[in-house]
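What follows is a single structure, written as structure tokens, with notes after it.
Nothing in this text is a laboratory measurement; each read-out follows from the coordinates by a stated rule. Since we're looking at a predicted model, the values are computed, not measured. When we count neighbours, we look across all protein chains shown, and the Cβ atoms used for this are built from the backbone with ideal geometry, even at glycine.
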Amino acid sequence: MKTLTKHRKLVLENLKSRYDHPTAKMVFDSIQEKTDKISFATIYNSLEYLVQEGLVRKLDIESGSCRYDAMLEPHSHFICKSCGKIIDLPSIDITNCVPNLENFHFTKEDVSITIRGICNECQNK
């Protein structure tokens, strides 16, 4: 693993301090408030580096932009179909429900559960 540069540490600390599963732009805007001497490309490249090193997860949630999560413990997500908010949920164990994938010549690498619906805030509008 390459060293964590000052910018990479800044991005990682930013992600660890938030629970909104931000996009690269959201991280950029947040960090730019503290220091204007960082480019969007640096933020994006830092995020990709952190993902490659296993320090951050890139969420596959079928949205217009990639979202990032620094919580590495197993957990699931609820996504509001109205506002796009992503909420962490406790891990849901489905290991007994997954068929023996070896029979299909398939090796599983990751199992994730995403529940989509409408959050309370959007329901109350």
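Using a Gaussian network for the chain with springs between C-alpha atoms less than 10 Å apart, which of these wobbles most: T35, T23, T114?
Highest fluctuation of the listed residues: T35.
Give me I115, I86 sorted ascending by neighbouring Cβ count inside 10 Å, so fewest comes first.
Ranked by crowding around the Cβ, least crowded first: I115, I86.
Magnitude of the Cβ-charge dipole of the chain, K/R +1 and D/E -1, about the Cα centre, nearest 20 debye?
Roughly 460 debye for the chain.
Computed over the Cα atoms of the stretch 1-94, what is the convex hull's projected area averaged over all directions, in nm²?
Hull-based average projected area comes out at 6.8 nm².
With everything on Cα atoms, drop me the angle between helix 40-52 and the longest principal axis of the chain, reported from 0 to 90° to the nearest 10.
The two axes meet at around 40 degrees.
How many percent of DSSP beta bridges within the chain run antiparallel, rounded to 5?
About 65 percent, rounded to the nearest 5.
Given a cut-off of under 8 Å on Cα pairs at least six residues apart, what relative contact order in percent is computed for the chain?
Worked out over the chain, it gives 22 percent.
Near the amide H of I92, under 5 Å away, which other amide H atoms are found, from residues 5 or more places off or on another chain, if H is placed in the peptide plane?
Placed amide hydrogens put S76 under 5 Å from I92.
I'd like the FRET efficiency for D110 and K9, computed as 1/(1 + (r/R0)^6) with the beta carbon distance as r and R0 of 30 Å, rounded to 0.05.
Here the calculated transfer efficiency is 0.70.
How big is the Kirkwood radius of the stretch 75-123, worked out from every pair of different alpha carbons and given in Å to one decimal?
Hydrodynamic radius (Kirkwood, Cα only) of the stretch 75-123 equals 12.7 Å.
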